[in-house]
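The values are calculated or read from the model by the stated rules, or taken from the named source; none is laboratory data. Remember, predicted model here, so these are calculated numbers, not experimental data. Methodologically, a virtual Cβ is constructed for each residue, glycine included, from the backbone with ideal geometry; neighbour enumeration extends over all protein chains shown.
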Amino acid sequence: MRLAATLLALAAMSLPGAAVAQNAASSAPSCDGTLAIIRLSEITPEGSVDKFKAAVAAHQAWYASHGYKDIIFESPVLVPDPATKQFVVSDKEMLTYHYYGPTTQAEPTHDEGWNAYVKLYQGTSSIKNTYLTCIPKGMSFSIDK
């Protein structure tokens, strides 16, 4: 599936050691569902959760303004409070989800808007892990609408 190979290449390019991971793009499995990239990001000392959320909003806005039906959102990581043992929202880690829409078939052209939202991310966070996954049909909300 060409879409899966392209998206795997996109995911690979965002990781450290991308050259090694890019070689796997030609053997990407097919996805009978929705391809998604899930990233775990660490908020940097000069960053903040609010700045990170602004980067995510700019990311989603860029895709929408270019006609893509991708859905991009953030989700807080819940961690145990050492004192109370209760789960609390981390101010150090965030997850992002990027569900690819049906029209995302090739790497988008990197323009000034693309560079601007990437710069927002770079100014507030660093990527700890990136996962390309296939969300099975019926297990996620539809992005075909």
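Only one entry in Thr130, Thr44, Thr124, Thr109 is out of contact with any helix residue (DSSP H, G or I) (no Cβ under 8 Å at 6 or more places or on another chain) and of a type outside the set (D, E, K, R), namely Thr109. Val118 versus (1) of a type in the set (A, V, I, L, M); (2) within 18 Å of Tyr68 (Cβ to Cβ); (3) touching a helix residue (DSSP H, G or I) at 6+ places or on another chain (Cβ under 8 Å): which is the lone unmet condition? Val118 satisfies all of (1) of a type in the set (A, V, I, L, M); (2) within 18 Å of Tyr68 (Cβ to Cβ); (3) touching a helix residue (DSSP H, G or I) at 6+ places or on another chain (Cβ under 8 Å) except (3). Taken over the range 92-137, the residue count meeting the criterion of being among the aliphatic types (A, V, I, L, M), touching a strand residue (DSSP E or B) at 6+ places or on another chain (Cβ under 8 Å) and more than 12 Å from Ala36 (Cα to Cα) is 3. Within the span defined as the range 71-87, one or more residues are under 28 Å from Met139 (Cα atoms), within 11 Å of the chain's Cα centre (by Cα), modelled with pLDDT of 95 or more and acidic (Asp, Glu).
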